[in-house]
Amino acid sequence: MTYALTSALSIDDFIAHYGDNPRYELADGELIDMEPTGPHETVGGKLMVKIGLAIAEAQLPWFMPRTCLIRASGEIATARRPDILVLDETNLINEPLWERSPVITLGRSVRLAVEVVSTNWETDYARKVEEYALLGIPEYWIVDFRGLGGTVFIGRPKQPTFTVCQLEGDEYRQHQYRLGESISSSLFPALQLRLNDVLPR
């Protein structure tokens, strides 16, 4: 849901008023209420467990913040709040805002962004693909556990789909996985994961 404001919010105003509220993000100065549902949170929570175990087993200097914003570069007043974000702790020393606020401005600080698809699926499949690629985030997962995305993105017949976007140059190469298929990630080569593993019961 987009809130109509009398004037566009600046990045600084958004961070000051909504930066610590995980329900909101900013797109072109407009406040977006992400309205998560229980099943959405179930999928995100189960994925976090799988990713956390993979990070620990590989002994990587990565972690998943509880709440964090990605501030888009340039003049666009956009601040994204992925459902799951994996950060490289070794790069946070280079983040200009990190000591004061959990705000990421450098794509190289992010190893993985994950979006669990809800009714605003167009943003996850189109706009965020472009934004995250432009930032240089090496991997982006789109977890469409209900098969809500348009057929141009998930094919026909529509069905639950897990899309792994891997950065090649400045664009993502996308691989789609359906129920029962083993998901492959270059970040976590030993990860054992299927879409079935994270679905709500």
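Bear in mind these aren't lab numbers, they're just calculated from the coordinates by the rules spelled out. Because the structure is predicted, anything quoted here is derived from the model rather than measured. Cβ atoms come from the backbone with ideal geometry, glycine included; neighbour counts cover every protein chain shown.
In order along the range 169-186, phi translates into HN-Hα couplings of x, 10, 9, 8, 9, 10, 10, 10, 10, 10, 4, x, 8, 6, 8, 10, 10, 5 Hz, rounded to whole numbers, per the Karplus curve 6.51 cos²θ - 1.76 cosθ + 1.60 with θ = phi - 60° and x for Gly and Pro.
Helices of the chain meeting both criteria, an alpha-carbon length of 18 angstrom or more along the long axis and an average Kyte-Doolittle score not below 0.0, with helices taken as full DSSP H segments, are 38-58. Considering only Leu112, Thr37, Leu60, and ranking their Cα positions along the charge dipole of the range 37-198 that arises from unit charges at the beta-carbon of Lys, Arg, Asp and Glu, the one farthest toward the positive end is Thr37.
Going by neighbour counts of Cβ atoms within 10 Å, the residues Asp170, Asp20 line up, fewest first, as Asp170, Asp20.
Each Cα pair under 8 Å and six or more residues apart adds its separation to the average, and for the chain the resulting relative contact order is 16 percent.
In this structure, the amide hydrogen of Gly155, modeled 1.01 Å from its nitrogen in the peptide plane, lies closer than 5 angstrom to no residue at least 5 positions away or on a different chain. The distance between label points at Gln192 and Val49 comes to 1.5 nm (points 7 Å beyond Cα on the Cα→Cβ vector). Assuming charge only on the beta carbon of Lys and Arg (+1) and of Asp and Glu (-1), the dipole of the range 37-198 about its Cα centre is about 420 debye to the nearest 20. The 3J(HN,Hα) values that the Karplus relation (6.51, -1.76, 1.60; θ = phi - 60°) gives for the range 142-159 are, in residue order, 10, 9, 9, 6, 10, x, 7, x, x, 5, 5, 9, 10, x, 10, x, 5, 7 Hz. Gly and Pro appear as x. Taking a ≥ b ≥ c as the square roots of the eigenvalues of the alpha carbon gyration tensor, the chain is oblate, as a/c is not under 1.5 and a/b does not beat b/c.
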